[in-house]
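Notes follow the structure.
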Amino acid sequence: MNPQDDPALHDPTNVHDTYGHEVRPAAFLAPDLAVRSDASDFVEMPDVSTVPPQHEPLPVWLYVVCGIALFFAGSSYAGLELGEGYYDQGMGGPAVSHEDVAQAAAPTDPMSLGKQLYQGNCANCHQASGAGQPGSYPPMVGSEYVLGNKEMLAAILLDGVQGPLTVKGGQYGTNVMPAWANLSDEKLADIMTYIRKAWGNGGDEVKPADVTAVRTKDASRSSPWVSSDLDKMKSAK
């Protein structure tokens, strides 16, 4: 007999064992009893798409805290003003004071320092080019007072000078150049070095000790130098 003709396979009753467990579902063993789309009582169920689970939004304060943390973390790479006179140099660098940063960035050679001092204290009258102003303020370029005796130049800066003066054959009036004794010997030496070497002057460097010696020697002087005084120092060694 063909197994498919076994009447047990066509029994519409589900078969259970003695414990009540289903061992032969009728619909499985009898395909004609399974759900069929062409059956008169078949009802097609619509497809239902899966709805993604809804998540609670993160609180605003968490975004704020994370943003602040990232900002300060980023300062380790970019460098950050920390306040109270300190500056974060960036990743791996210690915080340093503004004074330390300024000192590190400031020039240290006499010519650069002298140029800064000259532009801040002298260029208004003698011009940034060192050309001076005809009839009023003598030039620095090629001046016998600039390129001559260092002691004479230091004396002019420390005590000032009263015109009239003859410089490079030109006459300059009765204007008074003020004393710059308030500047340190180091700063005056830098100015002297700059004006003796700039603009093609070709002079040599002046040391702070050169200025100190003149300051000590003329400590009692309280009036500016005049042309007759300077003439005596022009040829001094």
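Every number here is computed from the coordinates shown, using simple stated rules; none is lab data. These numbers were taken from a predicted model, which means no experiment stands behind them. We place every Cβ from the backbone using ideal geometry, glycine too, and count neighbours over all the protein chains shown.
Overview of values
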item: Thr216-Phe71 pseudo-label distance in nm [points 7 Å out on the Cα-to-Cβ vector]; result: 5.8 nm
item: Order of Val226, Val141 - criterion: other Cβ atoms within 10 Å of each residue's Cβ, fewest first; result: Val226, Val141
item: Potential lengthening between Glu205 and Leu62 on full extension [0.36 nm per residue; Cα-Cα distance subtracted]; result: 45.1 nm
item: Packing-based exposure ordering (other Cβ within 10 Å, fewest first) of Thr212, Thr193, Thr166; result: Thr166, Thr212, Thr193
